[in-house]
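Worksheet: the structure to be examined is printed underneath.
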């Protein structure tokens, strides 16, 4: 059996072609009732082909009785939706998406923690060395300096801060790139209830790293360009209200675009799309569900921020207590000079935080992508076939006999 979950072949976008006569996925428990926004006609089932052999999958046999047509949600006389992996194969509620991300961390903890801890440790070691040896001391601004001297000191302080910021951002970018690529493969396997080793995930993800790097760089550059355009009129005219208004408008546009393209990463990895096709694919999947995607991602960010603070604050306090020079600088009001003890202790806290937050963040994004495809393209039918659920036939390339 090919145990690699496949996804739509590049360029396929059945979300636009609506057709009748295809079973509809059942609604999640928290979205049933009068508030449902299901369209009357559902599109044909999304294509599902192994990443190692991309291409459209042929139509499978009709589902077994009790599946599709809104009948695979548990209820009176209705069997529950199949759940071969971390999520039930039907449209997901918010809690189910979050639970699926956490369940992936529990079910594949060796692979996930091995990946995230390794990457986080390497990033923290690099960051500590950069902070200790490469980042210049930020000069303090003399309160008695003339306006010209104060401006020069501020510029010098900003330059020193940027020198320390760029290496940290580069290390974070590399770490995010590797973890996103590998965790996407792990999570896609966990949907089907299949195990994957770190070496298998790396072999699957490695060919997509250049495209993922381009996407990872393009989105922040796009955001920076939008913000620059928004602030530029106010900066050129010297009008603070105009700069504030332009900045606010640019921020709104930036958030709208980031949510619109938030599913581009899993589309690029799992559908083997290019950068621009993956962005168009994400926009198509998010269309009509922007507020829902925004709410789920915002809730995830807030939860992960809370978890990070719960972990980071105790380690920071311990680091300050151990590092006498740093705490004395804080007490005297001067710029603290943190030593090795503080950097190492806070680095351990950052590694623990990253090991927890990276998988959950990636899991929510991938499961949101799966959920949107289930809602728009009946992907649950193809997932059931790929997972070998009885009554759905075999996945493409799977010749294992079924009982």
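The values are calculated or read from the model by the stated rules, or taken from the named source; none is laboratory data. Because the structure is a prediction, the values reported are computed rather than measured. All Cβ positions, glycine included, derive from the backbone under ideal geometry; neighbour counts span all protein chains shown.
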Pick from 203, 181: which is in a helix (DSSP H, G or I) and surrounded by fewer than 20 Cβ atoms within 10 Å (Cβ to Cβ)? 203
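Residues checked against (1) touching a residue at least 12 places away in the same chain (Cβ under 8 Å); (2) within 29 Å of residue 372 (Cα to Cα); (3) part of a helix (DSSP H, G or I):
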| residue | (1), (2), (3) |
| --- | --- |
| 221 | no, yes, yes |
| 224 | no, yes, yes |
| 230 | yes, no, yes |
| 244 | no, no, yes |
| 251 | yes, yes, yes |
| 265 | yes, yes, yes |
| 297 | yes, yes, yes |
| 303 | yes, yes, yes |
| 307 | yes, yes, yes |
Yes or no: residue 212 crowded, with 17+ Cβ neighbours inside 10 Å, within 24 Å of residue 169 (Cβ to Cβ), in contact (Cβ under 8 Å) with a residue 40 or more places away in the chain and touching a helix residue (DSSP H, G or I) at 6+ places or on another chain (Cβ under 6 Å)? yes
Is there a residue being out of contact with any helix residue (DSSP H, G or I) (no Cβ under 7 Å at 6 or more places or on another chain) and closer than 22 Å to residue 364 by Cα anywhere in segment 236-255? yes
Can you find even one residue in segment 381-395 that is closer than 26 Å to residue 103 by Cβ, modelled with pLDDT under 75 and buried (at least 21 other Cβ atoms within 10 Å of the Cβ)? yes
Which one of 89, 115 is closer than 26 Å to residue 343 by Cβ and surrounded by 21 or more Cβ atoms within 10 Å (Cβ to Cβ)? 115
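Here is a yes/no grid of residues against (1) closer than 17 Å to residue 361 by Cβ; (2) at pLDDT 90 or above:
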{"site": "69", "(1), (2)": "no, no"}
{"site": "72", "(1), (2)": "no, no"}
{"site": "75", "(1), (2)": "no, no"}
{"site": "80", "(1), (2)": "no, no"}
{"site": "91", "(1), (2)": "no, yes"}
{"site": "98", "(1), (2)": "yes, yes"}
{"site": "102", "(1), (2)": "yes, yes"}
Counted residues in segment 271-285 being out of contact with any strand residue (DSSP E or B) (no Cβ under 7 Å at 6 or more places or on another chain) and either surrounded by fewer than 22 Cβ atoms within 10 Å (Cβ to Cβ) or in a loop (DSSP other than H, G, I, E, B) (or both) come to 9
Suppose we filter 316, 361 for residues that are at pLDDT 90 or above and either within 30 Å of residue 267 (Cα to Cα) or within 28 Å of the chain's Cα centre (by Cα) (or both); which single one remains? 361
